[in-house]
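S.K.: Quick one: the structure is below, questions incoming.
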Amino acid sequence: HLQCLHFSNEVPFIMEDRWINIETVPDAKQERFVEIGPNDWLFQKVPWSTSVAEHVFSATNANEEQAELLSINKGDALFVVQRRTWSQERLVTFVRLYYPGRFYEMRTIM
């Protein structure tokens, strides 16, 4: 289990809460994820050509921990992207990405 904070121009913009299935990707247990983030590391280790991903988009309000980490107020809107990825029918990772809502919008055209 990893929790990562991503920055852009020294401002936090994503709080990542990720679980990696050690049975599917045993090398993850030894990796420290200091030089490379878990997403990029997984792309290198697990062939994407055999992977399937499910995305769920939602919104929530920041709890105290999320607000502090993302430098926002408790209760501020968060845009949430939840993703599960499988490789050859084995779960690889489950991640929730929390983005400060004021920076994002979703648009569809039909």
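The values are calculated or read from the model by the stated rules, or taken from the named source; none is laboratory data. Just so we're clear, the structure is a prediction, and the values are computed from it rather than from any experiment. Reconstructed Cβ throughout: ideal geometry from the backbone, glycine too, with neighbour counts over all protein chains shown. Only protein heavy atoms, including side chains, enter the accessible area calculation; ligands, DNA and RNA are left aside. Shrake-Rupley method; radii C 1.70, N 1.55, O 1.52, S 1.80 Å.
S.K.: Of the conditions (1) in contact with a Pro (Cβ under 9 Å, 6 or more places away or on another chain); (2) open to solvent by 70 Å² or more (accessible area, probe 1.4 Å), residue 57 clears all except one; give me its number.
M.R.: (1)
S.K.: Of the residues 11, 25, 34, only one is out of contact with any strand residue (DSSP E or B) (no Cβ under 8 Å at 6 or more places or on another chain) and touching a residue at least 60 places away in the same chain (Cβ under 8 Å); which?
M.R.: On the way: 25 fails: out of contact with any strand residue (DSSP E or B) (no Cβ under 8 Å at 6 or more places or on another chain); 34 fails: touching a residue at least 60 places away in the same chain (Cβ under 8 Å).
The conditions single out 11.
S.K.: Continuing with this model, one more query. For the stretch 30-42, give me the residue count where each residue is at pLDDT 90 or above and open to solvent by 100 Å² or more (accessible area, probe 1.4 Å).
M.R.: The total comes to 2.
S.K.: Now for a separate question. When you check residue 45 against the structure, is it modelled with pLDDT under 95 and surrounded by 11 or more Cβ atoms within 10 Å (Cβ to Cβ), yes or no?
M.R.: Details: modelled with pLDDT under 95: yes; surrounded by 11 or more Cβ atoms within 10 Å (Cβ to Cβ): yes.
Considered against the rule, which asks whether it is modelled with pLDDT under 95 and surrounded by 11 or more Cβ atoms within 10 Å (Cβ to Cβ), residue 45 comes out as yes.
S.K.: For the stretch 81-110, which positions are more than 17 Å from residue 2 (Cβ to Cβ), within 18 Å of the chain's Cα centre (by Cα) and of a type in the set (A, V, I, L, M)?
M.R.: 106
S.K.: When only residues in the stretch 1-29 that are of a type in the set (S, T, N, Q) and farther than 20 Å from residue 90 by Cα count, which is least open to solvent (accessible area, probe 1.4 Å)?
M.R.: So the first thing to find is which residues in the stretch 1-29 are of a type in the set (S, T, N, Q), and the list is 3, 8-9, 21, 24.
Filter once more, so that each one left must be farther than 20 Å from residue 90 by Cα: 3, 8-9.
Numbers: 3: 108, 8: 56, 9: 143 Å².
Here the residue is 8.
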